[in-house]
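Worksheet: the structure to be examined is printed underneath.
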Amino acid sequence: MTTYPDDADGQVLAELASMGVEMSLPLLIEFPVAVPDEAAAHKVHSALTKAGYDCQTEYDEGEPDFDDEFDTDDEEFGPAWTVFARVTMVPEYDEIVRIQAELDQLAQPLGGHSDGWGVMLDDEDE
C-alpha cells in the first residue's frame, strides 16, 4: 500500500485508497477555483481554458440561514462563483499538488484561488 504525505491532499488520497479505489487507474478529478464574482469567473475560465484545462463555471446561490434569508456576507454558505478545472489522471500526490499550484498562479491575478480537489465516485466504486 502506498504511503501519502501527512497533509490534506495526502489524507484524501489515503481515504480513496482505503475505500478500494484503484489508485493506478485514471480518475476524473475536479479542481475548484473560487472566484469573487461573475466577471472574475469568466476571466479565470478563459485563462484556465487557454492553459489547456477542461473547465465548467458554476454559480451557487448559497444556503438560507435560520430565517430563510440568504446571507450574502457568509463566505461558506453564501452565494459563490466557482470555476471547475477537470483533469482525467492517475491520482498522484505530486501531480495534484502541481496542478493546484498552477491553478493558483493562473487565477490569483484575476481574483481567484485554488480551493482543493475532489472526485465523484460511482456507487460501484465505493
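Quick note: the coordinates plus some simple rules give every number you see, no bench work behind them. Only a predicted model underlies this, so the values are computations on that prediction, with no experimental measurement involved. Because the Cβ atoms are built from the backbone with ideal geometry, glycine has one as well, and the counts that use them run over all protein chains shown.
Taking only C-alpha pairs under 8 Å that are 6+ residues apart, what is the relative contact order of the chain in percent? Across the chain, relative contact order equals 37 percent.
What does the charge count near Leu110 come to, summing +1 for each Lys or Arg and -1 for each Asp or Glu among other residues with Cβ under 15 Å from its Cβ? Neighbourhood net charge equals -3. Put in line by how crowded their Cβ is, counting other Cβ atoms within 10 Å and starting with the fewest, Leu25, Leu103, Leu110 read Leu25, Leu110, Leu103. What residues have an amide H closer than 5 Å to that of Asp54, excluding those fewer than 5 places away on the same chain, when H is modeled at 1.01 Å from N in the peptide plane? Excluding prolines and chain starts, which carry no amide H, the hits are Arg86. Maximal additional length on extending the Glu102-Glu38 stretch stands at 20.9 nm, based on 0.36 nm per residue less the C-alpha distance. Axis of helix 93-107 versus longest Cα principal axis of the chain: the two differ by about 20°, to the nearest ten degrees.
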